[in-house]
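The values are calculated or read from the model by the stated rules, or taken from the named source; none is laboratory data. Quick caveat: nothing in here was measured; it's all calculated off a predicted structure. Methodologically, a virtual Cβ is constructed for each residue, glycine included, from the backbone with ideal geometry; neighbour enumeration extends over all protein chains shown. Remember, those area values only see protein heavy atoms, side chains included, never the ligands or the DNA or RNA. Shrake-Rupley method; radii C 1.70, N 1.55, O 1.52, S 1.80 Å.
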Amino acid sequence: MGTNAEIFESLPVAVSKQLALERDPHGNVQVSLIETEQLLAEMVGKKLAEWKKAGKYTGKFSTQHHFFGYEGRCAAPSNFDADYCYSLGYTASMLIGAGKTGYMSSVRNTTEPADKWISGGIPITAMMNMEKRNGKMKPVIQKALVKLDGGPFKYFASKRDEWAINTDFVYPGPIQYFGPTEVCDQPTHTLLLEHGKNI
């Protein structure tokens, strides 16, 4: 039995079934449908049962699950994130108030200070492309792939050897809502690079 098969066999039945569920339209496993908290709890329980049998563990183990989803694998928000999300939500409410349906809330000019951002709505149909899915042509929003000729990837490629040795991880600390602009209101490096700005 190969390594992958052994790992699959080691998973709780419920999780292995979730891995075998129907893929999304792009052929990806629907990760958000896999209950990783259930997986962790069951595997810890299994290991502790083995230790108890071997006399290495004498305690009790019980679990209560909570699905964190995206919140469990995202970075701490910045003030830029908070301003951006607030602006998207406010714009969405204005679209609803104006009776506009089928629009996506949009905020542009986000490399500038928030008071220079431009809010609006984009018709969902304007983002659609016709693609063949399950043998039929369907309107879908085109998948966004990493642009290998774009600023962010070129910057990554220029730093790849250095970052293989030294960390590229930068954590500014807890969310800063108030203070100097250079501390609080910086857009992401990826966004700046996408717009051809220096970081």
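Once the range 1-46 is narrowed to residues that are among the basic types (Lys, Arg) and assigned to a helix (DSSP H, G or I), the residue that is farthest from Val140 (Cα to Cα) is Lys46. Just so you know, in the range 32-64 the residues that are closer than 24 Å to Leu19 by Cβ and charged (D, E, K, R) include one that is modelled with the lowest pLDDT, and it is Glu35. Every condition in (1) hydrophobic (A, V, I, L, M, F, W, C); (2) surrounded by 13 or more Cβ atoms within 10 Å (Cβ to Cβ); (3) under 24 Å from the mean Cα position of the chain (by Cα) is met by Leu48 except one, and the failing one is (3).
Looking only at the range 73-85, residues that are open to solvent by less than 60 Å² (accessible area, probe 1.4 Å), modelled with pLDDT under 90 and not in a loop (DSSP other than H, G, I, E, B) come to 4 in all.
Here the strands (runs of 3 or more DSSP E) wholly within the range 95-199 that include at least 3 residues being closer than 25 Å to Ala76 by Cα and open to solvent by less than 60 Å² (accessible area, probe 1.4 Å) are 103-108.
Which one is farthest from Glu182 (Cα to Cα) among residues in the range 62-72 that are open to solvent by less than 90 Å² (accessible area, probe 1.4 Å) and assigned to a helix (DSSP H, G or I)?
Gly69
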